[in-house]
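Right, one structure below, let's go through it.
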Amino acid sequence: RYSLVAALGIDGYAAARVVPGSVDGEEFFDFVVSEVIPTMNPFPGDRSVLIMDNCAIHKSEALREVVE
């Protein structure tokens, strides 16, 4: 079994990763830090807003600090 985690923008995929098994908080944090944030720009530029749903692995304090 594999899981796919991806960042999607209006121009298509910004980043994607296939993970054996399930994506946990640590894997998601690494994905955002190493593959999503480098594609982003400071606000209010293009690719400056990151939207996530209310999944538990999206709610870590460490992730919030890194993204801000």
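The values are calculated or read from the model by the stated rules, or taken from the named source; none is laboratory data. Since the structure is predicted, the reported quantities are computational estimates derived from the model, not experimental observations. Positions of Cβ are generated from backbone atoms using ideal geometry, with glycine treated the same way; all protein chains shown enter the neighbour counts. To get the accessible areas, we keep the full protein, side chains included, count just its heavy atoms, and leave off ligands, DNA and RNA. Shrake-Rupley method; radii C 1.70, N 1.55, O 1.52, S 1.80 Å.
Data table
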read-out	value
Boolean, Ser60 is polar (S, T, N, Q) and either exposed (fewer than 13 other Cβ atoms within 10 Å of the Cβ) or modelled with pLDDT under 95 (or both)	yes
Enumeration of residues in the stretch 4-20 that are open to solvent by less than 30 Å² (accessible area, probe 1.4 Å) and either in contact with a helix residue (DSSP H, G or I) (Cβ under 9 Å, 6 or more places away or on another chain) or assigned to a helix (DSSP H, G or I) (or both)	Val5, Ala7, Ala15, Val19
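So that you can scan it fast, the table gives a plain yes or no per residue for (1) part of a helix (DSSP H, G or I); (2) in contact with a Ser or Thr (Cβ under 7 Å, 6 or more places away or on another chain); (3) of a type outside the set (Asp, Glu):
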residue: Asp46; (1), (2), (3): no, no, no
residue: Leu50; (1), (2), (3): no, no, yes
residue: Asp53; (1), (2), (3): no, no, no
residue: Ile57; (1), (2), (3): yes, no, yes
